[in-house]
Every structure is written in structure tokens, then in C-alpha cells.
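Written below as C-alpha cells is the structure these notes are about.
The values are calculated or read from the model by the stated rules, or taken from the named source; none is laboratory data. Here the structure is a predicted model, which means the values were calculated and not measured. Cβ atoms come from the backbone with ideal geometry, glycine included; neighbour counts cover every protein chain shown.
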Amino acid sequence: MKWNVPIKYIGLSGLLMHCSSPNFSIAPEPLDSTISDSGSETHERLDSAICESSVILCERWGKNCDSFKVTDSCGVERTVNCGVCKQGKCGSSGRAGVCGSTVSYDMVSTESITSVWSASSGEAWLVNNKGATARWNGTWGALSPVGASGVNRLWGIDINNIWMVSASDSMNSIAYWNGTDFQFIKGFPLLFSSVSGTSRNDVWAVGNNGVILHKWGDKYDDWKKADVNGFSEDLLSVSSVSPTAAYTVGKKGSFGYWDGNTWQFQTLGTTEDLKSVWARATNEIWVVGTNGTVLKQIDTEWISMPIKGISVTFNQVWGTSSNDIWIVGDAGTLLHWDGLSWTRSVLTGVMWNLLGIAGSGGLKDPIWVYGDSNELIQLKVY
């Protein structure tokens, strides 16, 4: 047998050898390991011939600093260095060093709340399962009917550009708020689950049977159906970071990504339904789903991050930075990743399923949590 590509072998103590025929030789440079400014991550550039790099093992086992022993998927026992631990200070950049939170419960609606969206200004909108909306600017205003039912998601650029999608086969399944009133986009009697974008001219909506719509242009009703190359699984969530990078997840482990020209689909090594995707950047994507599924993409590799002792369905993931990630799920589950570890928050009396979480990202602005109840939970983290 003749190999047409060079082979690299990595052994214990970081020994890297290279075979380009006929003999192995020691590589001239050591492994490239660096510690980030936060002192919390170690990144290694390794050849794909080894089972997992240290950074993958650190992420998989929820370690963001310090060393630990582990047996990798090749059966090799290794001591993995995940960086130097540095405890953040209260109120530091992001929410990595949060000291606590206050919780309040708002009875805004008599119906279950299905979505909340918060603007960068700190203002927020909500919609209930009857299609009525309310606006928050320090206090919640009165509910106002929109004329659409089965609303699943709100998303906007600012308080004058907000989109709403519905799981309704009526002609009112997409609506646009222009700062004055809602306008309905006609011609798409489809069942939509999620909406996201990067500007008022670049918005995606996804839904049942693999349907994806794209708004590309200045007109509010300039939507077109995307070519999905025969993909037909139900899509449950979409997140976009640029006009050339959008991501969607759905049933049976489905994952799709937009590269600026086409949608491509794959499964992420699981048959669990993937309920939510949140992309911070093209090299950091978080996905959650049924049976406690938590997946994270680091650069081009996907890793599983199971949270010990928790196997409920996770319904949404959202964050503001790499060290400020939130997950909500069934049975009142609320989790926070601070870059070092997961923390579970106990919400007194809340055992109903939490379906969503939203915030502006501002340190002093509230985070909104909602679910199978007419109660809206307001978190203020400090």
C-alpha cells in the first residue's frame, strides 16, 4: 500500500514526529500552545491524526482552567492542561464575574408568553400565544392585538424594525413592525418557528419541512424561498452573524449553515431534536436540544458538553459573550456558563417548562425568561 499524503504522529509528552517516507523524523517545532488574555483557555494547533486536542477535552469536560487526568477516545490516559485559573471580579466585562442576581415575576399577560426580544437600548417586546404584544421601557405597557395567532418568535434590529413569525397556515405567518404598526407579508402560508438576521435587509425565517425564507433587500416584503437541496426535516431555530454566515438546527440532529451562496446540511452526531442555536461568531456556535443535549463548535470541531445530572429538554441557548451563556429548559431549568463552570439557578416555585430567554446584553439591563406560564421572569444580574 502506498500513502499519497504525509503522516504525523503525536505521542506522550508532546513529541511530534513526521513521516514523509521512508523514515519518521522529529518535527522541528514544538506544539504551539498559547494562553488567552483571560488566562482561561489553552489552544493547541494539532494535526488531525490524534484523537482530541487538549482544548477539545477541556471543553468536553467543562474545564476552562487548571489540569486534570482523562482517558481520551483512543484509550490513552493523558494529563490535560486547560490554562491558569483567574477568578473574575464582580461586575467585570461581560458577566463572567457575576456575584448574584435578583428575580422578579411580572404578570403581563393572561396567556402564555411565546417570545421576548430585547433591543440594545434595553427596551423589550413580548408576544403571547394569542398574538398580542406588549412593550417594556422601564415598565410593561398594555397588550395590543396584532392579528396573528400561534406566534413563535420575535426578533429585531431596533425598536423600529421587528419581525414576528407564526406557526400558522394563514397568510399572516410573517409580520413586520415599522415603528408605527405591523405589516403582514403575504404569500407564505407556512409554519415558521424562528427568525434572525444581521440587518433590516438580511433576515432569515425557518420552519416546518425544511422551509427557509430570506429577506434580502430594502423592501419589507422582499422575501424569497431559499433552495435547501431537498432537505425536509422541521427546522426549529436560526441564528445569523453576518450576510455570509447563518446557522439553523432542527429535528433528528439536523444542522444547516449558509456560506453566502448555498445552504448545506448535516447531522451533528446525534438523533436528538436540536431546539436552539446561538452563534457568537463563525468559530463559536452553541446548540441545545432534547435529553440534555449541549453541543459547541470550536473553530471547525463540534464537541458534546453534557451537564452532569441534567437530562431535561433544553429549549433555548442565548448569550452575550463566550463567558456569559444561558440555557433554559423543562421543569424550570435555568443554567449559566461563566467560562469556568455551569451554575444552576433555582427559581422559587417555578417548575413549568422554560421556553425562552432574551436580553440586550447590557450589564444593567434585565434578562427575560418565559415559558409555559403567563408569568414573565425578570432577572437582574450583578
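How many of the residues making up the stretch 93-111 are at pLDDT below 50 and in contact with a strand residue (DSSP E or B) (Cβ under 9 Å, 6 or more places away or on another chain)? Outline the logic, then answer.
Initial filter on the stretch 93-111 (at pLDDT below 50): 93-98.
From what is left, the residues that are in contact with a strand residue (DSSP E or B) (Cβ under 9 Å, 6 or more places away or on another chain) are 93-96, 98.
Going through the stretch 93-111 one residue at a time, the tally reaches 5.
Counting only residues that are of a type in the set (Val, Ile, Thr), at pLDDT 90 or above and crowded, with 20+ Cβ neighbours inside 10 Å, how many does the stretch 145-173 have?
So in the stretch 145-173, the residues of a type in the set (Val, Ile, Thr) come out as 146, 151, 157, 159, 162, 165.
Now restrict to residues that are at pLDDT 90 or above: 157, 159, 162, 165.
After this cut, where a residue has to be crowded, with 20+ Cβ neighbours inside 10 Å as well, the list is 162, 165.
Number of matching residues: 2.
Give the residues of the stretch 229-284 that are surrounded by fewer than 17 Cβ atoms within 10 Å (Cβ to Cβ) and on the phi > 0 side of the Ramachandran plot, sorted by residue number.
Asn229, Gly230, Lys252, Gly260, Gly269
Give me the residue from the stretch 324-347 that is in contact (Cβ under 8 Å) with a residue 60 or more places away in the chain and outside any strand (DSSP E or B) and, out of that set, surrounded by the fewest Cβ atoms within 10 Å (Cβ to Cβ).
Looking at residues that are in contact (Cβ under 8 Å) with a residue 60 or more places away in the chain and outside any strand (DSSP E or B), I get Ser341.
Inspect the stretch 372-381 for any residue being at pLDDT 90 or above and among the β-branched types (Val, Ile, Thr) and give the result as yes or no.
There is no residue in the stretch 372-381 that is at pLDDT 90 or above and among the β-branched types (Val, Ile, Thr).
Identify, from the list Thr133, Thr114, the residue that is in contact (Cβ under 8 Å) with a residue 60 or more places away in the chain, buried (at least 16 other Cβ atoms within 10 Å of the Cβ) and either assigned to a strand (DSSP E or B) or outside the structural domain of Pro243 (by TED's automatic domain parsing) (or both).
Thr114
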